[in-house]
Structure formats: structure tokens, C-alpha cells
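Derivation of every value follows stated rules applied to the coordinates shown; laboratory data play no part. If you're wondering where the values come from, they're calculated on a predicted model, not measured in any experiment. For neighbour counting, all protein chains shown are included, and Cβ atoms are generated from backbone atoms with ideal geometry for every residue, glycine included.
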Amino acid sequence: MNNMEIFAARLKNARLIKGFSMDQLASAMNNRVSKMAISKYEHAQIFPDSSVMISFANALEQPVDYFFRPLTLQVDSIKFRKLKSRLSKKEEKSIKENISDLIERYINIEEICNESVKFDFSFKKSSDALDYKKAACKLRENWNLGSDGIVNVIDLLETNGIKVLEIDGSDGFDGLSSVVNDLYPVIVLNKNFPSERKRFTAMHELGHLVLNFPDDIPEKDEEKYCNLFASEMLIPESLFKKILGEKRHDISYQELKSIQLQYGISCDALMYKAKDFGVISENRYKTFCIQKSQRPDFKKLFETSLYPEEQSNRFKSLVYKALSNESITVSKAAVLLRQDIEQVRKDFVLA
């Protein structure tokens, strides 16, 4: 691709990241550039002068050099599963381009720091999708987790070669997973959700990466097995039954709260697990669900987040490490972090 073609593709990507239509972009530029002109720029029919280029960069909140970086990632591999996605096509496109931009910057800083971590794809070939407990047990063994709780799910995933990206998503977006360019496993989470939900979603998406599903499995069954895998990763059945016992008439909120605090899994997920493994009866679980639907105070109590917040910090840490080692300049760090230079300088001093 020549510079004009690269610019055309990048301009469209940047517009989609912002969620702008061409009319909205023209408006953000105070109509300095018309919708028709934007279309011509995006189709590589014309090329902007320096002042228009700066206007595009300001309106789309991207550094000028973004528009000239060769495209190295294919976001077509990123799919939204029908059962989980309640997003418009516009929102999906925005998320895809956000992911592409984040991964590009992530890979860039890994290369600068020489700290790429490879994910062991061989595990996927040896797992049995329908035996999620066996898969979870094997992965826990491979990652030396034993039967203990996982203190920080996001750190665990990134330590083992999975890039975790958090985006500012709407309520209609939980998360997704993909292998970009057949090389980079990625899990994307909605950063606005409470910790327990993010942890469960992250492990659910890990299930999509490691479980070897048959091609003809219905999507609802795939989602079910990934949920069961997530639950088993967060607290194995053997440990769960050791805490609560094999058979119970009922489980108190205080018991569930204690497990929630220690293992970072919601009371809802714990009650479902208790029902699924026969610790409580189907009828008791149905009663629990009815109480939640009829009593707002009961629902609020069981849905209150208690586990400490987790965030993806590896990317940011690598940027400041490179800055400390003088491998990059402050301006390069600002470009990677999408922050202004003064903020980077301030954070660097505080670090």
C-alpha cells in the first residue's frame, strides 16, 4: 500500500473507533471538510494538506503518525457471537477498530522491550470441549495453580501470553476473544463492569480459546460449556464441595459471601454451581431465582460486588519500563498511551 492508501484506511479506522459517521466527523471539524471530501479521502481519491491532516488528527483524537502506520493486523477474525452481542453494527465496528489499535500499540511496546510472551496453543489440541472439568484441571496444572483461588485473573492471563484489553463498552457488551493474525490471543473486557463479572467473563472467553469445540455444536451449548469452564477455573468442584459439603438443603448468604470474597466469583454463579453439581436441588435454585426477581433488596444483596477491582496493567507498565530504560522518548510514550506529554511526564515522576 502506498501512503495515500494507508492514509485512506487509517482515516476510516480512526472514524470508526470514535463511532463517527462521515457527517459527524465533518461536524467535529466545524465543517472545514465536507462529507463528500471525507468520502474521497477514505477512498484514496485525494490526499490532505498538512493543515487538514492536523484537523483530522484533532477531531479523531489520534496522533498524526497514526495515519501513516502500515496496517499489520486483520480485524476480520474478530467475531461477535449472536447470543452474547446486543450491539449495533456501528458499535461492533468501533470495538473492532479499538481492538486493532490497542493490539498494535501493545505489540509495538513488547517488541521495544523484547518481552513478548507466547501462548501455548498446543493445549487447545489436547482439550476435550465437552469435558470442561478435565480441561480446567489440565490448564490449572499447566499454569501451576493447584486448587487455590486465582488472586488476579487478568495478571494470570497476561503472564501466560494472552493480551487482555479493557474498553469503555455499553451494557450490551460483556467481552470477546479472538486470535488476531493467527498469532495473538486476545480477550477483550468491558471495563465498566464489576470485578466478579469481569473475572467470570475473562475465564469464559478463555474457554473459547482453549476448548476444542466441534464445528456443529450449537452456539448456546458452546456458551454453556464456557460458563461451566469459567466457574471451574475460578473454584474447582472438589474445592467447592469441600467448603459446602456434598448435599445441602440450603446455603446461607454469609457462606456465599465468604466464598465470593476469597475466590472472586459472584453469589449468582455460586448458586448455579451448587445447583449444577447437586449440592442444592433444582427446586431450591428456582426459589432463589424467584426471590431475586420479586425482592429488589434480595437481588441487590446477592449482586453486590465485593472482590477488589482488577485492571490490565501490563501494557502501561511496559511503556514506563521502556521510558525508564530510555528505549523510548516521552513523546513516543504519550503516543503509545494516548495521553498528552505533560500527563506522561507527571506519571513518570510519580512512578
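In the structure shown, the pairs Lys18/Lys93; Lys12/Lys89; Lys96/Lys133 are assessed against 20 Å; a Cα-Cα span above that value is assigned to Lys96/Lys133. Dipole size of the chain about its Cα centre, with +1 on Lys/Arg Cβ and -1 on Asp/Glu Cβ: approximately 720 debye, rounded to the nearest 20. Shape index of the chain: Rg/Rh, with Rg the Cα radius of gyration and Rh the Kirkwood radius from the inverse mean 1/r over Cα pairs, equals 1.02.
Quick check on the range 101-257: of the DSSP beta bridges with both residues there, what percent are antiparallel, nearest 5%? Counting only bridges with both partners in the range 101-257, antiparallel ones make up about 55 percent.
For the chain, what does the helix formula give at 222 nm: sum of -39500 (n - 2.57) over DSSP H segments with n ≥ 4, over the residue count, nearest 500 deg cm²/dmol?
Rounded to the nearest 500, the figure is -17500 deg cm²/dmol.
Listed peptides 94-101, 246-253, 4-11, 342-349 appear in the order 94-101, 4-11, 342-349, 246-253 once ranked by packing, highest mean of other Cβ atoms within 10 Å at the front.
A dipole drawn for the chain from +1 and -1 charges on Cβ atoms has a positive end, and of Val151, Ser50, Ser170 the residue lying farthest that way is Ser170. Extension gain, Lys133 to Gln343, is 71.0 nm, computed as 0.36 nm per intervening residue step minus the present C-alpha separation. Just the number, please: percent antiparallel of the DSSP beta bridges in the chain, rounded to the nearest 5. Roughly 55 percent of the beta bridges in the chain run antiparallel, per DSSP.
Peptides 212-218, 198-204 ordered by packing proxy, namely the average of other Cβ atoms within 10 Å per residue, highest first: 198-204, 212-218. What the Cα atoms of the range 276-351 give is an Rg and a Dmax of 23.7, 63 Å.
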